[in-house]
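**Q** One structure coming up, written as structure tokens, with questions to follow.
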Amino acid sequence: MAKAQNSDTFVRIKKHIYDDELSGPLPGADKTRSLCNQLRADGTWADIDYSSKSISLWPPGEHLDRLRTLIVAYVSPQSASYQQKLLYDKILLAAQYWANNCFESSNWWHNEIASPKAIGVCLILMKFGKEKIPTTLETPLVELMKRGDPYTKTGANKSDIAMHYFYRALILEDENLLAAAMEQLLFSIQLVNGKEGLQYDFSYLQHGPQLYIAGYGEEFLKGISKVMAYVRETPYAVDQKKLDLFERFLTETYLPIIRSRYIDFNVHGRGISRPNILEKTQETAILQQMKLIDPAKNAVWNKALA
């Protein structure tokens, strides 16, 4: 009975991820068709430079973005390509190419955060396909996810790496790994004095003493709200003490420094140099997650969304 209940928990969490990933705009039929037509017999797209090790915009990462687009089209009932065998074959082709290689950027972030997270999302979504990713392909892809160590990182970097540990635990249905991932994901919901992370005055520091309420603080909010929504109504749900700390940072620090679509320029650390960085249009996702996590405060979340 306990094993069945544990399996039900994994299924429930994966379904929450599936629902979240499919809540945004679906890829159009033309885009899906174009990506399929342009995919070559070896599983590559001609316009991607797979040899690049670029630090910022890393071209090989586009391969995983396109793979996810194809998978969303395959597993979404609203898609014109839903469960189509031809699309499934293209997904396997692109996934196999990635599994057969070990692409590296000169920026550790792509290697230890972006790519493992993208692989994890793709594999979880395919659990909801008519045809699944075969074990012979899933296993090497899971191996490629074994990058980064959340125990050596702080703040948003810790939670980002722990997030793909979380995905890997769900794919493998590994209770011990899931417990470890959750411990690291929620570890950053605590107050620290001068160290990187959430401060006692409810500011957020990263890269030493730099004020990073936006940027890293923003990623902290996005990542943690997402995982808290995923594990809601399960034995892994966040406890009230941590939820209170998280909500206080969101409602008393982060939301008050946004006016319309723009955030105060003082809170972005070195990220202020990036174009259009002050425009915040994705914060609604955090609030939508909070409505799932703590519906008793829906009046607060709806007011912030208005």
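The values are calculated or read from the model by the stated rules, or taken from the named source; none is laboratory data. If you're wondering where the values come from, they're calculated on a predicted model, not measured in any experiment. Methodologically, a virtual Cβ is constructed for each residue, glycine included, from the backbone with ideal geometry; neighbour enumeration extends over all protein chains shown.
**Q** What helices (runs of 4 or more DSSP H) lie completely within the range 64-179 and have 3 or more residues being over 17 Å from the mean Cα position of the chain (by Cα) and assigned by TED's automatic domain parsing to the domain that holds SER54? Can you show your working first?
**A** On the way: elements: 85-99, 115-126, 135-144, 155-172.
Because the criterion is at least 3 residues that are over 17 Å from the mean Cα position of the chain (by Cα) and assigned by TED's automatic domain parsing to the domain that holds SER54, the helices (runs of 4 or more DSSP H) in the range 64-179 that meet it are 85-99, 135-144.
**Q** Would you mind stating whether ALA179 is buried (at least 16 other Cβ atoms within 10 Å of the Cβ) and farther than 13 Å from LYS117 by Cβ? Step through it out loud before you land on a result.
**A** Numbers: buried (at least 16 other Cβ atoms within 10 Å of the Cβ): no; farther than 13 Å from LYS117 by Cβ: yes.
In short, no.
**Q** Can you tell me which of (1) surrounded by fewer than 16 Cβ atoms within 10 Å (Cβ to Cβ); (2) free of Cβ contacts under 8 Å to residues at least 24 places away in the same chain; (3) out of contact with any Ser or Thr (no Cβ under 7 Å at 6 or more places or on another chain) is the one LYS153 doesn't meet?
**A** Checking LYS153 against (1) surrounded by fewer than 16 Cβ atoms within 10 Å (Cβ to Cβ); (2) free of Cβ contacts under 8 Å to residues at least 24 places away in the same chain; (3) out of contact with any Ser or Thr (no Cβ under 7 Å at 6 or more places or on another chain), the one that fails is (1).
**Q** I've got another one for you. Go through the range 194-222 residue by residue and tally those that are surrounded by fewer than 22 Cβ atoms within 10 Å (Cβ to Cβ) and either touching a strand residue (DSSP E or B) at 6+ places or on another chain (Cβ under 7 Å) or under 29 Å from VAL142 (Cβ atoms) (or both). If you could, list the steps in order and put the result at the bottom.
**A** Keep residues of the range 194-222 that are surrounded by fewer than 22 Cβ atoms within 10 Å (Cβ to Cβ), which gives 194-195, 199-203, 207-211, 219, 222.
Of the ones still in play, those that are also either touching a strand residue (DSSP E or B) at 6+ places or on another chain (Cβ under 7 Å) or under 29 Å from VAL142 (Cβ atoms) (or both) are 199, 203, 211, 219, 222.
Here the count works out to 5.
**Q** All but one of (1) surrounded by fewer than 15 Cβ atoms within 10 Å (Cβ to Cβ); (2) touching a residue at least 24 places away in the same chain (Cβ under 8 Å); (3) polar (S, T, N, Q) hold for GLN289; which doesn't?
**A** If we test GLN289 against (1) surrounded by fewer than 15 Cβ atoms within 10 Å (Cβ to Cβ); (2) touching a residue at least 24 places away in the same chain (Cβ under 8 Å); (3) polar (S, T, N, Q), just (1) comes out false.
**Q** While we're on this one: In the list GLN210, GLN240, which residue meets the criterion of being modelled with pLDDT of 95 or more and polar (S, T, N, Q)? Reasoning before the result, please.
**A** Working: GLN210 fails: modelled with pLDDT of 95 or more.
Criteria check complete, one pass: GLN240.
**Q** May I pose another question? So, of the residues in the range 34-60 that are outside any loop (DSSP other than H, G, I, E, B) and either touching a Lys or Arg at 6+ places or on another chain (Cβ under 8 Å) or in contact (Cβ under 8 Å) with a residue 24 or more places away in the chain (or both), which turns out to be surrounded by the fewest Cβ atoms within 10 Å (Cβ to Cβ)?
**A** Within the range 34-60, the subset outside any loop (DSSP other than H, G, I, E, B) is 34-39, 45.
Next, from what is left, pick out any that are either touching a Lys or Arg at 6+ places or on another chain (Cβ under 8 Å) or in contact (Cβ under 8 Å) with a residue 24 or more places away in the chain (or both): 35-36, 39, 45.
Values: LEU35: 19, CYS36: 19, LEU39: 21, TRP45: 16.
Looking at the filtered set, the residue picked out is TRP45.
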